[in-house]
1. Within the range 40-47, does at least one residue satisfy the condition of being among the acidic types (Asp, Glu), without any contact (Cβ under 8 Å) to a residue 40 or more places away in the chain and either out of contact with any helix residue (DSSP H, G or I) (no Cβ under 6 Å at 6 or more places or on another chain) or farther than 24 Å from residue 196 by Cβ (or both)?
2. Sort out which residues of the range 63-92 are touching a residue at least 40 places away in the same chain (Cβ under 8 Å), surrounded by 14 or more Cβ atoms within 10 Å (Cβ to Cβ) and farther than 15 Å from residue 14 by Cα, and write them in order of number.
3. Just give me the residues in the range 131-143 being closer than 20 Å to residue 121 by Cα, hydroxyl-bearing (Ser, Thr, Tyr) and open to solvent by less than 70 Å² (accessible area, probe 1.4 Å), in sequence order.
4. Looking for something part of a loop (DSSP other than H, G, I, E, B), in contact with a Leu (Cβ under 9 Å, 6 or more places away or on another chain) and of a type in the set (D, E, K, R) - is there at least one such residue anywhere in the range 62-79?
5. Regarding the range 156-163, can at least one residue be identified that is out of contact with any Asp or Glu (no Cβ under 8 Å at 6 or more places or on another chain), open to solvent by 30 Å² or more (accessible area, probe 1.4 Å), of a type outside the set (A, V, I, L, M, F, W, C) and closer than 28 Å to residue 30 by Cα?
6. Which one is nearest to residue 111 (Cα to Cα) among residues in the range 25-44 that are modelled with pLDDT of 90 or more and either of a type in the set (Val, Ile, Thr) or not in a loop (DSSP other than H, G, I, E, B) (or both)?
7. Tally the residues that are within 13 Å of the chain's Cα centre (by Cα), open to solvent by 20 Å² or more (accessible area, probe 1.4 Å) and among the small types (Gly, Ala, Ser), restricting the search to the range 23-62.
Amino acid sequence: PTRGAGRTVRTGIASDGWTIEKITDRTWPKGVIGLSGVLYSAQGTEHATFKTGGVDTAEVWFRTRPGGGALELTADGKTVGRVITDFPDDAPGYARIDLPAGSSALELTTSGKPVQVYGVSLEQSKPGVIYDSIGLPGSTAKVLMRPDPATFKHQLAQRHPSLLVLMLGGNEAFELSRKRTTLEETRASMTTLVKHLRSLQPEAACLMTG
């Protein structure tokens, strides 16, 4: 979720006009951020392309609101769907799109009206393990409590994880080394985050590593 992430297999490639808001930003984001920890906003016509080799299903995560624009979805240049975000409610939404066999890329194109997107998940429909990696440079347990609770809960429930994996500690160690926090504060943040996730998905297993 940064312009210089480099991992285009994970992040896709986008045009320059998107506004990126993250829970790790120093200034508090104006948009409503959920599970992905990031919100991409477009005011005019913008594009984003994701590599889809080996997958046959895409889920587009977006936000609805009055006056919202549309998302045109194409796979290798062929139209596969259209997402409307103009709804009375300001709320999280998602659309599941089937991709043609052998597709190599999925492209999102926004209309001239405002559009807000949380991200895209790409999957194979055959049995297996789906691993959602939500990595935000600079995040800590405290930062991961910043998303909007209602949006986070809705999106996490939609993904319905069997296992929650928390891999944290590097940024906390850095903050401790700079005396910007204490062990007590770090412990409290970790405990709050774990209890929060467990309350949202009590049937899921939980693994914490650092």
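1. No - not one qualifying residue is present in the range 40-47.
2. The answer is 63, 65, 68, 69, 70, 92.
3. 133
4. Within the range 62-79, one or more residues are part of a loop (DSSP other than H, G, I, E, B), in contact with a Leu (Cβ under 9 Å, 6 or more places away or on another chain) and of a type in the set (D, E, K, R).
5. Scanning the range 156-163, I find at least one residue that is out of contact with any Asp or Glu (no Cβ under 8 Å at 6 or more places or on another chain), open to solvent by 30 Å² or more (accessible area, probe 1.4 Å), of a type outside the set (A, V, I, L, M, F, W, C) and closer than 28 Å to residue 30 by Cα, so the answer is yes.
6. Within the range 25-44, the match that is nearest to residue 111 (Cα to Cα) is 42.
7. Looking only at that region, the number is 1.
Yes/no matrix, rows are residues, columns are (1) without any contact (Cβ under 8 Å) to a residue 12 or more places away in the chain; (2) out of contact with any Lys or Arg (no Cβ under 8 Å at 6 or more places or on another chain):
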residue: 130; (1), (2): yes, yes
residue: 136; (1), (2): no, no
residue: 148; (1), (2): no, yes
residue: 156; (1), (2): no, yes
residue: 163; (1), (2): no, yes
residue: 172; (1), (2): no, yes
residue: 179; (1), (2): yes, yes
residue: 190; (1), (2): no, yes
residue: 199; (1), (2): yes, yes
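The values are calculated or read from the model by the stated rules, or taken from the named source; none is laboratory data. Source: prediction; values computed, not measured. Methodologically, a virtual Cβ is constructed for each residue, glycine included, from the backbone with ideal geometry; neighbour enumeration extends over all protein chains shown. In case anyone asks, the SASA skips ligands and DNA or RNA and just uses the protein heavy atoms, side chains included. Shrake-Rupley method; radii C 1.70, N 1.55, O 1.52, S 1.80 Å.
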